[in-house]
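Below is one structure, written out as structure tokens; comments come after it.
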Amino acid sequence: MSTEYTIVIEKDEDGYYVGSVPALPGCHTQGKSIDQLLDRMVEAIALWIEVKDNE
């Protein structure tokens, strides 16, 4: 099963891209490039879901 989430992306003052998922409180990460950020977002979302499933 595949679920889609909206990711909000901003660029911080140090040049890093910061992404968060509004539907998943506390789910966020950063990367030096958009590609790196998106890879990390996939991991962050999977971990967020894993933690919530185990609560």
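Counting heavy atoms of the protein chains only and a 1.4 Å probe, report the per residue accessible area for the chain as a whole number of Å².
Working: 4240 Å² over 55 residues.
About 77 Å² of surface per residue is accessible.
Hey, what angle do you get for helix 34-53 against the long axis of the chain, alpha-carbon based, 0 to 90 degrees rounded to 10? Around 20 degrees separate the two axes. Qualifying trypsin sites (Lys or Arg not before Pro) in the range 1-42, where qualification requires a DSSP coil assignment and no more than 15 other C-beta atoms within 10 Å, comprise 32. In whole percent, how big is the carbon plus sulfur part of the accessible area of the chain, probe 1.4 Å, protein atoms only? Roughly 50 percent, rounded to a whole number.
With N residues in the chain, what two-decimal value do you get for its Cα radius of gyration over 2.2 N^0.38 Å? Write down the numbers at each step before the final one.
On the way: Rg = 11.5 Å, N = 55, 2.2 N^0.38 = 10.1 Å.
Expressed relative to 2.2 N^0.38 Å, the Cα Rg reads 1.14.
The values are calculated or read from the model by the stated rules, or taken from the named source; none is laboratory data. Only a predicted model underlies this, so the values are computations on that prediction, with no experimental measurement involved. With ideal geometry, Cβ positions are generated from the backbone for all residues, glycine too; neighbour counts draw on all protein chains shown. Side chains included, ligands, DNA and RNA excluded: accessible areas come from the protein's heavy atoms. Shrake-Rupley method; radii C 1.70, N 1.55, O 1.52, S 1.80 Å.
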